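Note sheet for the following structure.
The values are calculated or read from the model by the stated rules, or taken from the named source; none is laboratory data. What you see is a predicted model, and the numbers here were worked out from it, not measured in a lab. Cβ sites come from the backbone with ideal geometry, for glycine too, and all protein chains shown count toward neighbours. These accessible areas exclude ligands, DNA and RNA; they are computed on the full protein's heavy atoms, side chains included. Shrake-Rupley method; radii C 1.70, N 1.55, O 1.52, S 1.80 Å.
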Amino acid sequence: MVQLIRPLNLILVLCGVVLGAWLTRMDQPVDWIGTLLAALALASVAAAGNVHNDLRDLEADRVNRPDRPLPSGRVSLRTARLMGGVLLGASFVLGAMVSLRHLGALVGIALLLWLYNRWLKHRPLIGNLVVAGLVTLSLPFARLDTPLGPALWVAMVFAFVLNLIRELVKDAEDADGDSGVGSRTLAVLVGTRRVRSGVQVLLAGTLIALPAPAVLPAFAGTWLLTCIPAAVFLALALAGTVGEGFPAPRASRHVKMAMVFGLLALTVSVR
């Protein structure tokens, strides 16, 4: 049942909210209780969206991921629907405890996730952009009333691009099943070879641009050193797209590791 909510992705959401609060702290102390509530609220709505996604993708997952909880029969549809409803309700309660602004944002995110699972996911590129944007929103979520500083902008751009790459790779992985259910993702529409070319351009561009934040005053001068692990995983991801084996699951994992180490580098490098 835990697999339904994709716990590793939720950990990234939680860490993103906490990191965003840290990067926007400026001269004010961080409200860690409010930040924790905001992180749990966002993770809950994301988990509800993941459950709804599995419910909507049941037929495609019978081909793409038969070992998932629903197509394998390990979790019933009724249990999944109940689980999604509880998670959504918990998200709204937690958000209201932080502020009405957070509650409103969570309602908007829930609606966007519903639209994505129902319709946007099956449209070329737009669904990928929506997911990348939603994940990126975790960074400013804790302090919605705080202006975005340069460090947070760097983190948001980095997170957006890497999540977009991961979404494109996943589309390529799911092309056969998506095609069978009439989904018109980018990989189905233009083919996995062209998607691979786009992924390679994005990975190479990110790798080349990675040292750029070192020139910003907000960074402590250690960025060029701390970003090395992220650069290594980006290079490994790029290497994983070469050859006939694309899409390779390890390429997606390397992108996720690059994101984790990049956000860690931001945590220790920002003044």
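I'd like to know which of T192, P211, T267 lies farthest towards the positive end of the charge dipole of region 189-271, counting +1 on Cβ of Lys and Arg and -1 on Cβ of Asp and Glu.
In region 189-271, that residue is T192.
Amide H neighbours of L125 under 5 Å, counting only residues 5+ apart in sequence or on other chains, H built in-plane at 1.01 Å?
Amide H neighbours of L125, under 5 Å, 5+ apart: L186.
For V270, which sequence-distant residues (separation of 5 or more, or a different chain) have an amide H within less than 5 Å of its own amide H, given hydrogens modelled in the peptide plane?
A220
For region 62-76, in order, what is each residue's ³J(HN,Hα) by Karplus, 6.51 cos²θ - 1.76 cosθ + 1.60 with θ = phi - 60°, in whole Hz (x at glycine and Pro)?
Rounded to whole hertz, the list is 4, 9, 6, 9, x, 8, 5, x, 6, x, 7, x, 6, 10, 7.
Does region 39-86 come out rounded, prolate or oblate by the C-alpha gyration tensor, with a ≥ b ≥ c the root eigenvalues, rounded set by a/c under 1.5 and, if not, prolate when a/b is larger than b/c and oblate if not?
Prolate, since a/c reaches 1.5 and a/b exceeds b/c.
Could you give me D for region 1-133, from Stokes-Einstein at 25 °C and 0.890 mPa s, where the hydrodynamic radius is the Kirkwood radius over C-alpha pairs? Units µm² s⁻¹, please. Please list the in-between numbers first.
On the way: Rh = 15.7 Å.
Diffusion coefficient, whole number: 156 µm²/s.
Rounded to a whole number, what % of the accessible area of the chain do carbon and sulfur atoms account for, probe 1.4 Å? Kindly include the intermediate steps, with their values, before the conclusion.
On the way: 8830 of 12940 Å².
In the chain, the share of accessible area belonging to carbon and sulfur is 68 percent.
Applying the Karplus parametrisation 6.51 cos²θ - 1.76 cosθ + 1.60 with θ = phi - 60° to the phi angles of region 135-145, what ³J(HN,Hα) value in whole Hz is obtained for each residue in order, glycine and proline being reported as x?
5, 5, 4, 4, 5, x, 5, 5, 10, 5, 9
What number, in percent, do you get for the relative contact order of region 197-271 if the mean sequence gap of Cα pairs under 8 Å and at least 6 apart is divided by its residue count? It would help to have the intermediate numbers written out before the result.
On the way: 75 pairs, mean separation 27.2, N = 75.
It rounds to 36 percent for region 197-271.
Rank these by accessible area, largest first, 1.4 Å probe: C15, C227.
Listed by decreasing accessible area, they come as C15, C227.
What is region 200-242 by shape, rounded, prolate or oblate, if you read a ≥ b ≥ c off the alpha carbon gyration tensor as root eigenvalues and call it rounded for a/c under 1.5, prolate for a/b larger than b/c, and oblate otherwise? Intermediate values should be presented prior to the final figure.
Values: a/c = 5.21, a/b = 2.11, b/c = 2.47.
Oblate, since a/c reaches 1.5 and b/c is not below a/b.
Using unit Cβ charges (K, R positive; D, E negative) and no other charged atoms, how large, in debye to the nearest 20, is the dipole of the chain about its Cα centre? Please list the in-between numbers first.
Numbers: 24 positive and 15 negative charges, 45 e Å.
For this selection, approximately 220 debye.
Where is the GNM fluctuation largest for the chain (alpha-carbon springs, 10 angstrom cutoff): A230, A39, A212?
A212
For the chain, set up a GNM with springs between Cα atoms under 10 Å and report which of L88, L144, L238 has the largest fluctuation.
L144
Would you mind working out the accessible area per residue for the chain, using a 1.4 Å probe, and quoting it in Å²?
Values: 12940 Å² over 271 residues.
Spelled out: the 1.4 Å probe surface of the chain, per residue, equals 48 Å².
Throw me the Rg/Rh for region 88-157, computed over C-alpha atoms with Kirkwood Rh, two decimals. The partial results should precede the final answer.
Working: Rg = 13.5 Å, Rh = 13.3 Å.
Radius of gyration relative to Kirkwood radius: 1.02.
Order L186, L115 by their accessible area, 1.4 angstrom probe, all chains in place, largest first.
Working: L186 40, L115 80 Å².
Accessible-area ranking of L186, L115, largest first: L115, L186.
Lys/Arg Cβ at +1, Asp/Glu Cβ at -1, dipole of the chain taken about the Cα centre: which of S72, L137, H102 is farthest positive-ward?
Going by the Cα projections, it comes out as S72.
Probe 1.4 Å, all protein chains in place: accessible area of D31 in Å², nearest 10?
We get 100 Å² for D31.
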